[in-house]
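S.K.: Sending over a structure as structure tokens; questions will come in a sec.
Readers should treat all values here as calculations from the given coordinates under stated rules, not as data from a laboratory. Because the structure is predicted, anything quoted here is derived from the model rather than measured. Glycine also receives a Cβ, built like all others from the backbone with ideal geometry; neighbour counts cover every protein chain displayed.
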Amino acid sequence: MKDSLFYPQINECNNFLKEIGLLKEYFPNQSSPRNPGAFFRGLDYEKYWTEVYRRYYYTFYLEDNSLICFENKINGDDDYVCFTYLECPYAGDTYPNFLENLGGSYESDGDAFKAEYEQYICEQGIKQHVTPIRYEYRPDQHNPGIHPASHLHIGFRNDIRLGCGILFTPVMFVLFIVRQTYPILWQSMLSKGGSPLAERECRNLSLVNTIYLHDHDKYEPYLLPH
């Protein structure tokens, strides 16, 4: 995705997450490890989430301590995108509540106690179940019937790849995450008349190029526009 399209989409995600009360922090200049595969290899989910959080490898920090990360790279004639939702593995207070318990506030203290909060979070109990979600568009890795060019990963370190006949934008990914993981917020949005942003995204869906839809791909259900 061209930067001229990508960054305005990120700003729209920011506005939408704030509007529904889910956004805690926005980091428009997200950094990423030079070699993500090597950096995260061998880490369990708890350590994976902690490293992403500690090194600011995310764009959106949500009220329940979950993270949303975006990567967008141009690889020759092909786009490479990776959008990730990382559910927080720990059961504990949010950072603002943590500061309030110390007698402070996020407005006055900012990130001054982030190291202490990280230690606090790590001392909390681990959730029994977490469901991270990742969207990838990797046409260079398309393998008919095995590795769709556009696909969703559900869960952590498994072989699930849900093929998609559409190209996710950052806004579409955030809408998907809110719908699937925050149904109460989604229902609240619907009860208030819906979202013009969601209507626009669903109306303007881009389809995967047919060269990446092989006969072998027709043997599995794909996520397609209605």
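S.K.: Read through the labelled values [x] 16.7, 49; [y] 18.3, 62; [z] 16.8, 53 and report the label of the one computed as Rg and Dmax of the Cα atoms in Å from the structure.
M.R.: Of the listed options [x] 16.7, 49; [y] 18.3, 62; [z] 16.8, 53, [y] comes from this structure.
S.K.: Between Asp64 and Glu199, what is 0.36 nm times their sequence separation minus the Cα-Cα distance? Round to one decimal in nm.
M.R.: Extra length available between Asp64 and Glu199 comes to 46.0 nm.
S.K.: Sticking with this structure for a sec: Could you sort 56-69, 176-189, 141-154 so that the peptide with the highest average Cβ count within 10 Å comes first and the rest follow in order?
M.R.: Per-residue Cβ counts within 10 Å, averaged per peptide and sorted highest first, yield 56-69, 141-154, 176-189.
S.K.: Can you put Arg161, Arg203 in order of Cβ neighbours within 10 angstrom, beginning with the fewest?
M.R.: Arg203, Arg161
S.K.: Moving on to the next point. Treat region 80-167 as a sphere of radius equal to its Kirkwood radius over Cα pairs and apply Stokes-Einstein at 25 °C in a medium of 0.890 mPa s; give the translational diffusion coefficient in µm²/s, rounded to a whole number.
M.R.: Here the translational diffusion coefficient equals 156 µm²/s.
S.K.: In addition: Using packing as a proxy for protection, rank 10-23, 108-121 so that the peptide with the highest average count of other Cβ atoms within 10 Å comes first.
M.R.: 10-23, 108-121
S.K.: Moving on. By average Cβ neighbour count within 10 Å, what is the ranking of 25-32, 122-129 from highest down?
M.R.: 25-32, 122-129
S.K.: Test of understanding: what is the full-extension gain from Glu71 to Ala115, defined as 0.36 nm times their sequence separation minus their Cα-Cα distance?
M.R.: Between Glu71 and Ala115, full extension yields an extra 13.3 nm.
S.K.: To continue, here is another question. Of the candidates Leu43, Leu86, Leu207, which one comes out as most mobile in a Gaussian network treatment of the chain with C-alpha springs shorter than 10 Å?
M.R.: Answer for the Gaussian network model of the chain: Leu43.
S.K.: Still on this structure, please answer the following. Taking the simple approach of a point 7 Å from Cα along Cα-to-Cβ for both Leu223 and Arg54, what is their distance in nm?
M.R.: Roughly 3.1 nm, to one decimal.
S.K.: Just subtract the alpha-carbon distance of Asn29 and Phe6 from 0.36 nm times their residue separation and send over the number in nm, one decimal.
M.R.: Fully extending the segment from Asn29 to Phe6 adds 7.0 nm.
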